[in-house]
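K.L.:
If you scroll down you'll find the structure; I have some questions about it.
Nothing in this text is a laboratory measurement; each read-out follows from the coordinates by a stated rule. None of the values given here were measured: they were computed from a predicted structure. Ideal geometry is used to build each Cβ from the backbone, glycine not excepted, and the neighbour counts take in all protein chains shown.
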Amino acid sequence: MDSKIVAVFQVVTFCICLAAANSVAFSYPAVFNFGDSNSDTGELGAAMGFLVAPPNGEKYFKTPSGRFCDGRLIVDFLMDAMKLPFLNAYMNSVGLPNFQRGCNFAAAGSTILPANAASISPFSFGVQVYQFLRFRALSLQLLQGNKSYQYVPSEDSFEKGLYMFDIGQNDLAGAFYSKTLPQILASIQAILLEFETGIKKLYDSGARNFWIHNTGPLGCLPQTVAQFGTNPSTLDELGCVSSLNQAAKAFNIQLQAFCSKLKSQYPDANVTHVDIYTIKLNLIANSSKYGFKHSIMACCGHGGPPLNFDSRVSCGLTKIVNGTEITAKSCNDSSVYISWDGTHYTEAANEHVASQILTGNYSTGK
């Protein structure tokens, strides 16, 4: 077995034995995931009819897997830790996908707020919730006709399963293209009200175990540094765009307050809030300590140092710009990079984040 996988399982064993701080038993019959590209395992590609181009997937799957990454995502490592198979995308109908142990509704580009004409993905959080409700209804209908049907979750899995959420990044990052920081800060309440609406629908359908990730340091992504950090005065000591990180921190404070509110409203629910922001910022600030050589520079991109990011061409693709052919190529060793393509993390970085999540030190709730 790969040595890195062994290390992850060791961390899982350790945190289970110590009864991690979140006190949620890390054993579930099924997992239902909602989010954006940070946890998309092929949803947007299947729905919109395109294949994520090589070299995406080269590290682990050896071929593009619908993930915007060189290999596995955080959600993949968490599924490994629960000894469950990787989640199939809800929209993926090729290869007879098995949804017995859960389903993934996350789609790249998704937002919490309803999609609009400028949205990359039509699958906003509300749409993902409705997709789940349909999935649940049809699954139960199939089980009524055949109790031993093996390709959908059992009836009690919908109540005993884990509901995971990693969404909100695009609501904030996308807004910076048209709004001021004060306007974005003022919009957070509406964003979380929409999130609350979806969570309540899931609770009413029987969901009881909620695992909610906050959003990461958006200002440290090469994409945002390239777009909003051209003036050095906008950057902090780590080279991150201060205003985007300020928005992320404000969102996270209100998200944690929402999680506390949710626990008060639904005392029979297990609500775990996971501080992804602190984990990722610590990784960037102490990258060399964790074996990374490049904290804010994309592995797969174009343009070279310091960011190796060009918004005109995506990872693995070639484009003619002003008569010149440019290609976003992969670096030689993605394991020493935190950023894969300027927007998403490498498998190595995702593994580190997952290992920190599994310690329980960044989780609050019950």
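K.L.:
Between 0 and 90 degrees, rounded to the nearest ten: what's the tilt of helix 181-204 against the longest Cα principal axis of the chain?
P.N.:
Helix 181-204 and the main axis of the chain meet at about 20 degrees.
K.L.:
Divide, for the stretch 22-291, the radius of gyration over alpha carbons by 2.2 N^0.38 Å, where N is the residue count.
P.N.:
1.01
K.L.:
Okay, next question. Cα axis of helix 3-17 to longest principal axis of the chain: angle in degrees, 0 to 90, nearest 10?
P.N.:
50
K.L.:
Let me have the 222 nm mean residue ellipticity of the chain computed from DSSP H runs of 4+ only, each contributing -39500 (n - 2.57), with the sum over all residues rounded to the nearest 500.
P.N.:
Value at 222 nm, helices only: -11500 deg cm²/dmol.
K.L.:
Kirkwood hydrodynamic radius, the stretch 152-275, all distinct C-alpha pairs: what's the number in Å?
P.N.:
15.8
K.L.:
Same structure again: Relative to the present Cα-Cα distance, how much length would full extension add between Thr180 and Met48 at 0.36 nm per residue of separation?
P.N.:
Taking Thr180 through Met48 to full extension adds about 44.4 nm, to one decimal.
K.L.:
Does the stretch 42-162 come out rounded, prolate or oblate by the C-alpha gyration tensor, with a ≥ b ≥ c the root eigenvalues, rounded set by a/c under 1.5 and, if not, prolate when a/b is larger than b/c and oblate if not?
P.N.:
Cα axes put the stretch 42-162 in the oblate bin.
K.L.:
Count of lysine pairs in the stretch 22-291 with Cα atoms under 27 Å apart, counting only pairs 8 or more residues apart in sequence or on different chains?
P.N.:
Lysine pairs, 8 or more places apart or on different chains, close enough: 29.
K.L.:
Right, next: Work out how much length Ser93 to Leu133 would gain on full extension: take 0.36 nm times their residue separation and subtract the Cα-Cα distance, in nm to one decimal.
P.N.:
Result for the pair: 12.6 nm of gain on full extension.
K.L.:
Using a 7 Å offset from the Cα along the Cα-to-Cβ direction at both Thr230 and Gln189, what is the distance between the two label points in nm, to one decimal?
P.N.:
3.5
K.L.:
Please compute the length gained on full extension between Ser311 and Leu140, using 0.36 nm multiplied by the number of residues separating them and subtracting their Cα-Cα distance.
P.N.:
Net length gain for the segment: 57.1 nm.
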